[in-house]
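Here is the structure we will look at.
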Amino acid sequence: MVAFVSKDDTLMPHLTVKEFMHLFAMLKFASNTPVKERRYTIQYLTETFKLKQYEKRTIQSLETEQRKMVNLVCQLMLDTDFLVLDEPTTGLTAACSMFTVECLREFTSKGRIAIATFNQPTFEMFKQFSKVALIADGQLVYIGSNRNMLPYFSSLRYPCPLFTNPCDYYVDLVTVDYESFQTIEESMERVRRLADLCIQKTLSVSDPGAPYVLPAKYAQARPARQFTVLLRLRISRFACLDTLWVLLYSSLLSLLIGMIYSNINLMLQGNDTFPNLTQLAIDDRVGFTFVIIFVAALPELFRLIADG
């Protein structure tokens, strides 16, 4: 099974970090997984990725770095042999980006494979890569080890200048320059030439065939268990304090609006029991404007109540 870490997190903002990770484990782990094993896995990963101090904070109150870490930890929790990441360091500081790359390096040291896309990584991050694929305009211009990238481009008369980050230099080299029509043609021609040379120099890889020992099939939670977990989550969410406040205010608003127009039928039938209550008239513009203004403010009022 392949785990995928998306660029944009899809976490539940109203849950705490601890609640979300336990929910993710219950949705993904097999039903026969011991509770102690699940708790130990969560505890180990939260301590490794320095998320222990954020366990009781809601997802929406976290910074971008912490949310990305939670997203990564949840996928690592699956313990798969393949991990695919879409720009895992985007929006992170240099220190946090380096920490993420080191964690991925530790992941691959156990015989696993991690494939990630990076947007101009630092040279320290580049040294942690085992294989590098440089893609420009949908074409592969280099694939191989990180140590061979500089000699490869030097042999093509594109040496990296001294004191320059190779990642920045070669990404700029294969980027189409839209400054003018001449630069566009020159850069696109350079990319095509490098892509053709990459095809010529890269040896074709033959199909090794099926492995002798197939990897173990990933056991995940059954649909019935996932439905039960999500149903419990919805019930608990419905019974929380902010939802009850919203229901209370909605009920009160419905009662007030009903009282405003409760005796319209009596007025229309000529009943003069309430001769001074002119707001009961169906054409009372002041009462109608008051109700509309009050209703228009409800979404903002509900948002403030939900945020606490």
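Here are some notes:
Let's see how each residue does on (1) modelled with pLDDT under 85; (2) closer than 27 Å to K201 by Cα:
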| residue | (1), (2) |
| --- | --- |
| P88 | no, no |
| F99 | no, no |
| K110 | yes, no |
| A116 | no, yes |
| I135 | no, yes |
| Q139 | no, yes |
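- Inclusion of F24 among residues that are in a helix (DSSP H, G or I) and under 26 Å from E87 (Cβ atoms) is warranted.
- Output for segment 1-33, where each listed residue is under 16 Å from the mean Cα position of the chain (by Cα), open to solvent by 90 Å² or more (accessible area, probe 1.4 Å) and at pLDDT 85 or above: F4
- The residues on offer are R67, R38, and the sole one that is at pLDDT below 85, basic (K, R) and touching a helix residue (DSSP H, G or I) at 6+ places or on another chain (Cβ under 9 Å) is R38.
- Count of residues meeting criterion [part of a loop (DSSP other than H, G, I, E, B) and open to solvent by 30 Å² or more (accessible area, probe 1.4 Å)] in segment 34-54: 2
- Hits in segment 65-105 (condition: in a strand (DSSP E or B) and either open to solvent by less than 10 Å² (accessible area, probe 1.4 Å) or of a type in the set (F, W, Y) (or both)): F82, L83, L85
- Of all residues assigned to segment 113-130, none qualifies as being in contact (Cβ under 8 Å) with a residue 60 or more places away in the chain, assigned to a strand (DSSP E or B) and surrounded by fewer than 17 Cβ atoms within 10 Å (Cβ to Cβ).
- Just one of (1) exposed (fewer than 11 other Cβ atoms within 10 Å of the Cβ); (2) assigned to a helix (DSSP H, G or I); (3) of a type in the set (K, R) fails for R190. It is (1).
- Members of segment 131-153 that are open to solvent by 80 Å² or more (accessible area, probe 1.4 Å), outside any loop (DSSP other than H, G, I, E, B) and either on the phi > 0 side of the Ramachandran plot or of a type outside the set (V, I, T) (or both): K131, R147, N148
- Figure legend. Inter-residue proximity from segment 154-167: first residues part of a helix (DSSP H, G or I) and of a type in the set (A, V, I, L, M), second residues modelled with pLDDT under 85 and surrounded by fewer than 11 Cβ atoms within 10 Å (Cβ to Cβ), beta-carbon distance below 7 Å, spacing 6+ or different chains. No pairs are indicated.
The values are calculated or read from the model by the stated rules, or taken from the named source; none is laboratory data. Owing to the predicted nature of the structure, the values given are computational and were not obtained by experimental measurement. With ideal geometry, Cβ positions are generated from the backbone for all residues, glycine too; neighbour counts draw on all protein chains shown. The accessibility values were calculated without ligands, DNA or RNA, using every heavy atom of the protein model including side chains. Shrake-Rupley method; radii C 1.70, N 1.55, O 1.52, S 1.80 Å.
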